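K.L.:
One structure follows; several queries about it will come next.
The values are calculated or read from the model by the stated rules, or taken from the named source; none is laboratory data. Everything numeric here is computed off the predicted structure, so don't read it as measured data. Positions of Cβ are generated from backbone atoms using ideal geometry, with glycine treated the same way; all protein chains shown enter the neighbour counts. Note: areas computed on protein heavy atoms with side chains; ligands, DNA, RNA excluded. Shrake-Rupley method; radii C 1.70, N 1.55, O 1.52, S 1.80 Å.
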Amino acid sequence: DADAGESGLMSQSFSVSYGGVTVEDSVDIEILGVHSATLSGPLDGRILVRPGETVLTSFTLENTGTSNLSLVAGLLGLPAQAEATLSHTSVELAVGESVVVDISLTIATSSEAGTHALTFAYGSSELSVELQLSLQIQERIAVLMSSTSSRIVAGPSSSAVYSFDVTNLGTASDTLHLSLSENGASDWFDFELSSTSLLLDAGQSSTVTLNVRETSQGASSSGIDVTLHAHSSSDESITSHINLTIESLVAGAEILVLSDDDLADFIHQAVGNGRNRGN
């Protein structure tokens, strides 16, 4: 028997005694190396990713045997719309050595939500070690706000109306919440959104209006910056923004005075009066 972890050439001595005579000899015994390794990754065995995203997952490959290992990687079950990049397609591990292996998974934007069984493995002709994984492609969550203008001029007499579009770029229905960061502009202006919540199907858009009216004079002549926000109720980290500049309406008018030469009319009238007196 060999102790766990032993390998290589060893010498074993034997002796036999009889009638006061002892004979000794030694035998060379080669303890062959044991090929063994472990591969570990996420505790729950899941990789979560959304369409259009890239996720990096780390694994640890360790040589737990008593011989050096030369292993090649393999990844089975990857869906057609996913692309994987491995940090180590092959590894050389000495006894007791370990290495961290990263898998970078990129999912196409057009991918549908679903679960796929993956097998991640390293192997050679003497050894194969594998890990069962669950690739879960989630619904994509995305929102976009867009408009053709970023400037609003508002006066006190009537509200200025600003229109913008909100689009659900995700792959499932979502409720989008709208808000305004007015940065102190409410000291001079009043703001009113036509809607603060929108339920939109995947790919659907809706037009929202912002009414702005000046309530007090004194706002900066260069305008005040405000920001419109839209965020997903499914994931509040998914947001979109529009930056606006609010300016006061300055009322005024210009008077253009045109000069006229009346000298000719004066001479004509004087000559006519003289003739009348002579007659």
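K.L.:
Filtering the range 130-142 down to residues that are modelled with pLDDT of 95 or more and buried (at least 19 other Cβ atoms within 10 Å of the Cβ), which residue is nearest to residue 206 (Cα to Cα)?
P.N.:
135
K.L.:
Okay, next question. In the range 23-58, which residue that is among the acidic types (Asp, Glu) and farther than 20 Å from residue 130 by Cβ is most open to solvent (accessible area, probe 1.4 Å)?
P.N.:
24
K.L.:
Out of 66, 89, 109, which single residue is of a type outside the set (D, E, K, R) and either without any contact (Cβ under 8 Å) to a residue 12 or more places away in the chain or farther than 30 Å from residue 32 by Cβ (or both)?
P.N.:
109
K.L.:
Let me ask another. Does any residue of the range 66-73 turn out to be farther than 30 Å from residue 235 by Cα, of a type outside the set (Gly, Ala, Ser) and open to solvent by 60 Å² or more (accessible area, probe 1.4 Å)?
P.N.:
yes
K.L.:
Of the residues 119, 148, 89, only one is open to solvent by 50 Å² or more (accessible area, probe 1.4 Å), closer than 30 Å to residue 46 by Cβ and modelled with pLDDT of 90 or more; which?
P.N.:
89
K.L.:
To continue, here is another question. Output the residue which, of all residues in the range 4-22 that are out of contact with any strand residue (DSSP E or B) (no Cβ under 9 Å at 6 or more places or on another chain) and either modelled with pLDDT under 70 or not in a loop (DSSP other than H, G, I, E, B) (or both), is most open to solvent (accessible area, probe 1.4 Å).
P.N.:
Across the range 4-22, the extreme among qualifying residues is 18.
K.L.:
How many residues, within the range 96-106, are touching a residue at least 40 places away in the same chain (Cβ under 8 Å) and either within 14 Å of residue 38 (Cβ to Cβ) or exposed (fewer than 14 other Cβ atoms within 10 Å of the Cβ) (or both)?
P.N.:
4
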